[in-house]
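Nothing in this text is a laboratory measurement; each read-out follows from the coordinates by a stated rule. All values reported here derive from a predicted model rather than from experimental measurement. Positions of Cβ are backbone-derived with ideal geometry, glycine not excepted, and every protein chain shown enters the neighbour counts.
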Amino acid sequence: MKILAVETSCDETGIALLEATGGVRAPRFKVLTNLVASQIKIHRPFGGVVPNLAKREHLKNLPVLFKKLAAKHKNLKPDLITATVGPGLEPALWTGIGFAKDLAKQYDIPLAGANHLEGHLYSFLLSGSVSNIFPAIALIVSGGHTILLRVESFSKWRRLGETRDDAAGEAFDKVARLLDLPYPGGPEIEKIAKHGDPAAIVFPRPMLHDKSYDFSFSGLKTSVLYYLRDHKKANKADVAASFQQAAFDVLVTKTIRAARESDARSVMLSGGVAANRALRARLAKESKKNGWRFFVPDFKYNLDNAAMIGVAGYMAHMRKKRFKLEANGGLEI
Ligand code: KG4
Ligand code: ZN
């Protein structure tokens, strides 16, 4: 089945064309084209994403990307169209839903809503098919979410925990701002942390020893704020490395505990923060040590993209999960 996917939940406009086979049990994907128009430069002066600017840019980018895709695939006739319905910024989500509705009408084919978080969860499937991987523990870490799931199958999972305040990516973005680094902060922190000492400053590890699988990052961010207030000549690389270490200690420790306690076969890592090499390396190493398989998407599929939405849309369609075709900013996984 050929799937045309549209992603507009935040500040990346994405359109992709995929070939999908195998159904919910043994899904297999081939990405034919994956186009992303990044709006980072537009939002950067504001230090974060401005919803109405995002909406304006999506409206401008969608026809341009689609034209490019159609030029590459002559006589394009997809079997299914899918668009992100949530979670995300509602004005931004509506642009993609509207665009996909028009295309579905034009081609006279079905339109399936897709959950952005399911897109992240499934994104490793874009790198190849897998078998014998369940039960799995999945850590989804993005700019808006930090969620730990126990995954029983490609269509069944249970939420073990989530952040009680800031998402991990949000903490990276906020700490980057404190360090005068541009938006988005995650990649900037990772870059300078390489030159710093992760043991230089002992920042708190919130909820590390707490029995739940929940997280909290706002206290950690505040500690960085106080540290910088009290140490005007602080070494930024040391601050970045120590902050990153504290945040990852909590993420990695809780993921390992969840995997041990549920006799997991695999660990899955996804979301924008999964682009961080230090986090990937730590979870890969722990997984190897414990005999778990480790899945993480290719670098090109960590940040928001439409290819992963194609996977989520296909899976939702195949498991007959119908999302309402309207923006739902707070949609849960
Ligand atoms: O998944 P994503 O592209 O968008 C959301 O769904 O939120 O994630 C974006 C988040 C941002 O907070 C960004 O700072 C963070 O992912 N991020 C990183 C890295 N690359 C992106 N965080 C840490 N290290 C990175 N290399
Ligand atoms: Zn995302």
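Results for (1) among the hydrophobic types (A, V, I, L, M, F, W, C); (2) in contact with a helix residue (DSSP H, G or I) (Cβ under 8 Å, 6 or more places away or on another chain); (3) more than 15 Å from ligand 1 (Cβ to nearest atom), shown as yes or no for each residue.
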position: Lys191; (1), (2), (3): no, no, no
position: Ala199; (1), (2), (3): yes, yes, yes
position: Val202; (1), (2), (3): yes, yes, yes
position: Met207; (1), (2), (3): yes, yes, yes
position: Asp214; (1), (2), (3): no, no, yes
position: Gly219; (1), (2), (3): no, no, yes
position: Tyr226; (1), (2), (3): no, no, yes
position: His231; (1), (2), (3): no, no, yes
position: Ala234; (1), (2), (3): yes, yes, yes
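Residues being within 14 Å of ligand 2 (Cβ to nearest atom) and either surrounded by fewer than 20 Cβ atoms within 10 Å (Cβ to Cβ) or over 14 Å from the mean Cα position of the chain (by Cα) (or both): count how many of those fall in region 127-143.
Looking only at that region, the number is 0.
Do you know which of the residues in region 146-176 that are within 14 Å of ligand 2 (Cβ to nearest atom) and touching an Asp or Glu at 6+ places or on another chain (Cβ under 7 Å) is farthest from Arg257 (Cα to Cα)?
Looking at residues that are within 14 Å of ligand 2 (Cβ to nearest atom) and touching an Asp or Glu at 6+ places or on another chain (Cβ under 7 Å), I get Thr146.
Checking Ile81 against (1) within 15 Å of ligand 2 (Cβ to nearest atom); (2) assigned to a strand (DSSP E or B); (3) closer than 21 Å to Leu325 by Cα; (4) not aromatic (Phe, Trp, Tyr), only one condition comes out false. Which one?
(1)
Would you pick out the residues in region 144-168 that are surrounded by fewer than 20 Cβ atoms within 10 Å (Cβ to Cβ), away from ligand 1 (no atom under 16 Å from the Cβ) and in a loop (DSSP other than H, G, I, E, B)?
Hits for region 144-168 are Ser155, Arg164.
Could you count how many residues in region 1-55 are within 16 Å of ligand 2 (Cβ to nearest atom) and part of a loop (DSSP other than H, G, I, E, B)?
Count: 7.
Are any of the residues in region 58-66 closer than 24 Å to Thr21 by Cα and within 22 Å of the chain's Cα centre (by Cα)?
No, region 58-66 contains no residue that is closer than 24 Å to Thr21 by Cα and within 22 Å of the chain's Cα centre (by Cα).
Read through the list (1) more than 24 Å from Thr33 (Cα to Cα); (2) of a type outside the set (S, T, N, Q); (3) surrounded by fewer than 23 Cβ atoms within 10 Å (Cβ to Cβ); (4) touching a residue at least 24 places away in the same chain (Cβ under 8 Å), then give the number of the only condition that Lys300 fails.
(1)
Restricted to region 280-297, and to residues that are under 30 Å from Gly86 (Cβ atoms) and free of Cβ contacts under 8 Å to residues at least 40 places away in the same chain, which residue is nearest to ligand 2 (Cβ to nearest atom)?
Among those residues, the one meeting the criterion is Arg280.
Against the condition closer than 17 Å to Arg282 by Cβ, of a type outside the set (Lys, Arg) and not in a helix (DSSP H, G or I), how does Pro206 come out, does it pass?
No; evaluated as a whole, the condition is false for this residue.
Please verify whether Ser127 is touching a Pro at 6+ places or on another chain (Cβ under 6 Å) and either away from ligand 1 (no atom under 11 Å from the Cβ) or in contact (Cβ under 8 Å) with a residue 40 or more places away in the chain (or both), treating the condition exactly as stated.
Taking the combined requirement at face value, the residue does not satisfy it.
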